[in-house]
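**Q** The structure under discussion is supplied below as structure tokens; questions concerning it will follow.
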Amino acid sequence: DWPDFPTRGVMLDISRDKVYRMETLLMLVDEFSSWKINQLQLYTEHTFAYAGHEIVWRDASPITPEEILILDRHCQERLIELVANQNSLGHLSRWLKHPQYQHLAETIEPVANPWGGVQTEPYSLSPVLPDSLAFISSLYDQLLPNFSSKMVNVGCDETFDIGTGKSKTAVEQQGKGQVYLAFLRSLHQDVNRRGYIMQFWGDIVLEHPELIPQIPTGAIALNWGYEGNHPFESETNAFRDAGVPFYVCPGTSSWNSIAGRTRNMFNNIRNGAYFGRKYGAIGFLVTDWGDNGHWQQLPISYPGIAAAAEQAWNTEFEPTTTSLANTLDRVVFVDESEMIGQCLLEMGDLYQAWGFNLPNSSPLFWLLQLPKAQIMPFLPENPTQIEASLDFLEETKSKLTLVKIQRPDADQILDELALTIRLLEHACKRAKIILEPENIHDSACMLHEILHIKADYTSLWLKRNRPGGLHDSISRFTTLIIAYERGYGSN
């Protein structure tokens, strides 16, 4: 009984609105340890309490240095390595939107992003400014001493705006990849002189494969991808051939979903584990993100984390929904009825019946966040599919009344799943209204319902998470609220 991956980690997003309370983090560490997970990262953009930068984290309820020391000690006692994580190039809008940091930004002008939208706030540091490196180094000065681990994840993913502003001339002369790599090398030198091993997200160098052999010696590439058909085979092979140590990093498929995306999660984790082992990955890191408000409840993330723990230990094990449901029942939720696992996995594939496989999301999620014009392409042609979804949710509610969870937070879990179902039901009702506006509730009724959901969402949030970020998360209900206040014709 030995693991296929020496490092088996979980990365939790604490920067997209949700920062877990210490009680929640300590509980998760205990659980992860029992599942033989041995590395934990907390993805950080602005949610560490850096002295002198209070304007950035003041409303975020950040994790403090003292809390990291407590968490690190708790992890050590349970054979988990707590790895520092600070995005160090892109994803820094929470910093760069403030005037005192804008001189470090690549550009303060709106820039098209890769997801079909426009980035209106400054996004990346400019890699050609010496002050950018000095700024990040000053953050490391405060962050790293709180961790016993000698690894640090510097991020540097999705830097789509590089070359649009201050680095434009350098990019035109040297190429975008070389400008990026030069900054990555500078970060590596800074980390290396401190005696740390650098991890970084590998997406940008994969876009410029000629750079892979030039990655600084000893740096660990994090090969991430979140779709069931992500090309892990070619990407892991590229790192292997260049002699670059790497982790493979699939996801839980929980974010942008409400209830998860079970089939996608299975395929994504399975493929990552299989090709990671085949091509010599030294670690397996499952990621749980919180894009667009971090609306998924904690139990929705458990199936992906449990599946990853199983696959990271034994990639030859062929998981099925039945085997994972059993693991969730026996190990995760300790449900004597042995029902909750199957309920969760079936809820996670509810969106499949609508016939849409959207990247990184489900249509039910967008029905709750986007205006009518933008969600029309996601609606099923046949309204009977909506009725079938509502019938399924009603049946699931009945099943959940029979579960017998033997955990201290059993009532909390059931409340979280009940709210998940209410969100899914509301999404289905909105779809039905749009397709058949004459056959169901009026806008006043829907407004009343979503306001109650918002209130209960707020109450549940505060039981596991800090208040910082809650305002931003619940503000994403505004599109629906305004639509209902104005009536369906104007949404």
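The values are calculated or read from the model by the stated rules, or taken from the named source; none is laboratory data. Quick caveat, the model's predicted, so the values are computed rather than measured. Methodologically, a virtual Cβ is constructed for each residue, glycine included, from the backbone with ideal geometry; neighbour enumeration extends over all protein chains shown. Areas reflect the complete protein model, heavy atoms only, side chains present, ligands, DNA and RNA absent. Shrake-Rupley method; radii C 1.70, N 1.55, O 1.52, S 1.80 Å.
**Q** With the condition kept exactly as written, say whether any residue in the range 79-96 is in a helix (DSSP H, G or I) and farther than 30 Å from THR120 by Cβ.
**A** Scanning the range 79-96, I find no residue that is in a helix (DSSP H, G or I) and farther than 30 Å from THR120 by Cβ, so the answer is no.
**Q** Run down GLU346, GLU318 and say which single residue is part of a loop (DSSP other than H, G, I, E, B) and open to solvent by 10 Å² or more (accessible area, probe 1.4 Å).
**A** Answer to the check: GLU318.
**Q** Now a separate question. Does any residue of the range 15-25 turn out to be open to solvent by 10 Å² or more (accessible area, probe 1.4 Å) and over 29 Å from ASN256 (Cβ atoms)?
**A** Within the range 15-25, none of the residues are open to solvent by 10 Å² or more (accessible area, probe 1.4 Å) and over 29 Å from ASN256 (Cβ atoms).
**Q** Answer yes if at least one residue in the range 146-156 is over 24 Å from PHE246 (Cα atoms), modelled with pLDDT of 95 or more and open to solvent by less than 60 Å² (accessible area, probe 1.4 Å), and no otherwise.
**A** Yes; the residues of the range 146-156 include at least one that is over 24 Å from PHE246 (Cα atoms), modelled with pLDDT of 95 or more and open to solvent by less than 60 Å² (accessible area, probe 1.4 Å).
**Q** Next up: Out of the residues in the range 256-313 that are open to solvent by 10 Å² or more (accessible area, probe 1.4 Å) and of a type in the set (Phe, Trp, Tyr), which is nearest to the chain's Cα centre (by Cα)?
**A** TRP289
**Q** Give me a count of the residues in the range 68-92 that are open to solvent by 20 Å² or more (accessible area, probe 1.4 Å) and under 22 Å from the mean Cα position of the chain (by Cα).
**A** Qualifying residue count, the range 68-92: 2.
**Q** May I pose another question? Do we find a residue being in contact with a Gly (Cβ under 9 Å, 6 or more places away or on another chain) and closer than 15 Å to GLY90 by Cβ anywhere in the range 191-201?
**A** yes
**Q** Can I ask one more? Hey, ALA221 hits all of (1) touching a helix residue (DSSP H, G or I) at 6+ places or on another chain (Cβ under 7 Å); (2) not in a strand (DSSP E or B) but one; which does it fall short on?
**A** The failed condition is (2).
**Q** For the range 386-418, which positions are within 13 Å of LEU344 (Cα to Cα), among the basic types (Lys, Arg) and open to solvent by 70 Å² or more (accessible area, probe 1.4 Å)?
**A** LYS397, the sole residue that qualifies.
**Q** A follow-up question, please. Sort through ASN237, ASN223, ASN292 and tell me the only one that's touching a residue at least 24 places away in the same chain (Cβ under 8 Å) and over 30 Å from SER186 (Cα atoms).
**A** Exactly one of ASN237, ASN223, ASN292 is touching a residue at least 24 places away in the same chain (Cβ under 8 Å) and over 30 Å from SER186 (Cα atoms), namely ASN292.
**Q** Which residues, counting only those in the range 323-343, are of a type in the set (D, E, K, R), open to solvent by less than 10 Å² (accessible area, probe 1.4 Å) and either in a helix (DSSP H, G or I) or under 30 Å from LEU367 (Cα atoms) (or both)?
**A** Once the filter is applied, which keeps residues that are of a type in the set (D, E, K, R), open to solvent by less than 10 Å² (accessible area, probe 1.4 Å) and either in a helix (DSSP H, G or I) or under 30 Å from LEU367 (Cα atoms) (or both), the range 323-343 yields only ASP329.
**Q** Please go through the range 145-173 and give me each residue that is assigned to a helix (DSSP H, G or I), in contact with a helix residue (DSSP H, G or I) (Cβ under 8 Å, 6 or more places away or on another chain) and closer than 21 Å to VAL111 by Cβ, ordered by number.
**A** Scanning the range 145-173 gives ALA170, VAL171.
**Q** Considering each residue of the range 231-255, count those that are open to solvent by 30 Å² or more (accessible area, probe 1.4 Å) and closer than 26 Å to THR321 by Cβ, and give that number.
**A** So the answer is 2.
Every residue, every condition in (1) farther than 28 Å from ASN264 by Cβ; (2) surrounded by fewer than 21 Cβ atoms within 10 Å (Cβ to Cβ); (3) over 27 Å from the mean Cα position of the chain (by Cα), yes or no:
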{"residue": "GLY177", "(1), (2), (3)": "yes, yes, no"}
{"residue": "ALA182", "(1), (2), (3)": "yes, yes, yes"}
{"residue": "ARG194", "(1), (2), (3)": "yes, yes, yes"}
{"residue": "ILE197", "(1), (2), (3)": "yes, yes, no"}
{"residue": "PHE200", "(1), (2), (3)": "no, no, no"}
{"residue": "ASP203", "(1), (2), (3)": "no, yes, no"}
{"residue": "GLU207", "(1), (2), (3)": "no, yes, no"}
{"residue": "ILE215", "(1), (2), (3)": "yes, no, no"}
{"residue": "ASN229", "(1), (2), (3)": "no, yes, no"}
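**Q** With the structure loaded, tell me whether THR7 is surrounded by fewer than 20 Cβ atoms within 10 Å (Cβ to Cβ), among the polar types (S, T, N, Q) and within 19 Å of the chain's Cα centre (by Cα) or whether it fails that test.
**A** no
**Q** Let me ask you something else. Identify all residues within the range 224-259 that are closer than 29 Å to SER473 by Cα and either modelled with pLDDT under 95 or assigned to a strand (DSSP E or B) (or both); write none if there are none.
**A** Selection gives TRP224, CYS249, GLY251.
**Q** If we keep just the residues of the range 103-141 that are in a strand (DSSP E or B) and more than 14 Å from GLU158 (Cβ to Cβ), which is most open to solvent (accessible area, probe 1.4 Å)?
**A** VAL118
**Q** Taking ALA373 as meeting all but one of (1) assigned to a helix (DSSP H, G or I); (2) at pLDDT 95 or above; (3) of a type outside the set (Phe, Trp, Tyr); (4) open to solvent by 10 Å² or more (accessible area, probe 1.4 Å), write down the number of the exception.
**A** (2)
**Q** How about the range 456-474: which of its residues are open to solvent by 40 Å² or more (accessible area, probe 1.4 Å) and in contact (Cβ under 8 Å) with a residue 24 or more places away in the chain?
**A** Matches in the range 456-474: ASP456, LYS463, PRO467, HIS471, ASP472.
**Q** Which residue is farthest from GLU77 (Cα to Cα), if the candidates are limited to the range 28-56 and must be part of a helix (DSSP H, G or I) and open to solvent by 50 Å² or more (accessible area, probe 1.4 Å)?
**A** Going through the qualifying residues, I end up with ILE55.
**Q** So, one more: Which condition from (1) open to solvent by 20 Å² or more (accessible area, probe 1.4 Å); (2) under 23 Å from the mean Cα position of the chain (by Cα); (3) on the phi < 0 side of the Ramachandran plot is the one that ASN360 breaks?
**A** Condition (3) is where ASN360 drops out.
Rundown of residues vs (1) without any contact (Cβ under 8 Å) to a residue 40 or more places away in the chain; (2) in contact with a Ser or Thr (Cβ under 7 Å, 6 or more places away or on another chain), yes/no style:
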{"residue": "GLU67", "(1), (2)": "no, no"}
{"residue": "ILE70", "(1), (2)": "no, no"}
{"residue": "LEU79", "(1), (2)": "no, yes"}
{"residue": "GLY116", "(1), (2)": "yes, no"}
{"residue": "PRO122", "(1), (2)": "yes, yes"}
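**Q** Suppose we filter ILE482, ILE453, ILE433, ILE421 for residues that are assigned to a helix (DSSP H, G or I), modelled with pLDDT under 95 and surrounded by 15 or more Cβ atoms within 10 Å (Cβ to Cβ); which single one remains?
**A** ILE433
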